[in-house]
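Engineer: My questions all concern the structure below.
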Amino acid sequence: FSSGRLPPPQEAVDNTRAMLKLGVIVSAVLYPLVVSFFLAKLLIRHVAVARSNPRYLVEHEWTPEAFWTFRLYNEPPHLYEARLRVATEDFQRILDDTEPASIASRLPHRIAEIFILVLAVVGLINASAITVGHFGGHAAVWWLWLAVMVYGVTVSTQRQREISHRGEAYDR
């Protein structure tokens with residue numbers, strides 16, 4: 001190849017054949033050694049653990065992920081349907097107990113959000129407008145306090161409803 005020309009086709013085929021034979025021979029010699037090494041390593045590790053804890057090979061602790069994966073692929077259809085039926089009944093009962101949020105119940109929450117946002121932007125632009133400014137006969141701080149109070153009350157009643165339903169669902 002140093003001359004820059006390619007070897008004749010038959011010589012290239014012979015070279016390739018020789019390299020493949022060498023690769024097969026090396027693989028055949030090294031394969032049993034590599035497999036024996038990993039097998040011995042595995043046995044030594046498990047024998048050492050089994051000697052220190054004789055129940056090691058018998059008892060296993062399942063992780064939640066392993067349990068759910070096993071259940072996903074090995075659950076009989078009739079048990080799956082029964083579990084789904086119970087969950088559906090609980091879910092339907094929770095939905096029936098929950099009042100849909102009406103516009104009237106969400107309106108104070110949204111208005112309070114808007115007031116807080118507007119006053120926060122005004123405060124970022126000009127901080128003295130919040131501390132000194134007046135609007136509708138009251139100081140801007142008073143309006144901010146009122147908006148935060150309304151926001152807090154409406155959020156706590158909405159979250160309390162969610163928490164009570166979650167607690168009811170998880171008590172079983």
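The values are calculated or read from the model by the stated rules, or taken from the named source; none is laboratory data. This one's a predicted model, so the numbers in the text were calculated from it and none came from an experiment. As a convention, Cβ positions derive from the backbone with ideal geometry for all residues, glycine included, and neighbour counts pool all protein chains shown. The area values use the complete protein model at the heavy-atom level, side chains included, leaving out ligands, DNA and RNA. Shrake-Rupley method; radii C 1.70, N 1.55, O 1.52, S 1.80 Å.
Engineer: Would you be able to say whether some residue in region 79-90 is under 30 Å from VAL155 (Cβ atoms) and in contact (Cβ under 8 Å) with a residue 40 or more places away in the chain?
Structural biologist: yes
Engineer: Let me ask another. Enumerate the helices (runs of 4 or more DSSP H) found wholly within region 90-172, keeping only those where 2 or more residues are at pLDDT below 70 and out of contact with any strand residue (DSSP E or B) (no Cβ under 7 Å at 6 or more places or on another chain).
Structural biologist: Filter on region 90-172 gives 140-170.
Here's the yes/no breakdown for (1) open to solvent by less than 90 Å² (accessible area, probe 1.4 Å); (2) on the phi > 0 side of the Ramachandran plot; (3) among the hydrophobic types (A, V, I, L, M, F, W, C); (4) in a helix (DSSP H, G or I):
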site	(1), (2), (3), (4)
THR16	yes, no, no, yes
VAL24	no, no, yes, yes
LEU42	yes, no, yes, yes
VAL58	no, no, yes, no
THR69	yes, no, no, yes
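Engineer: Assess whether VAL86 counts as being assigned to a helix (DSSP H, G or I) and over 35 Å from the mean Cα position of the chain (by Cα).
Structural biologist: no
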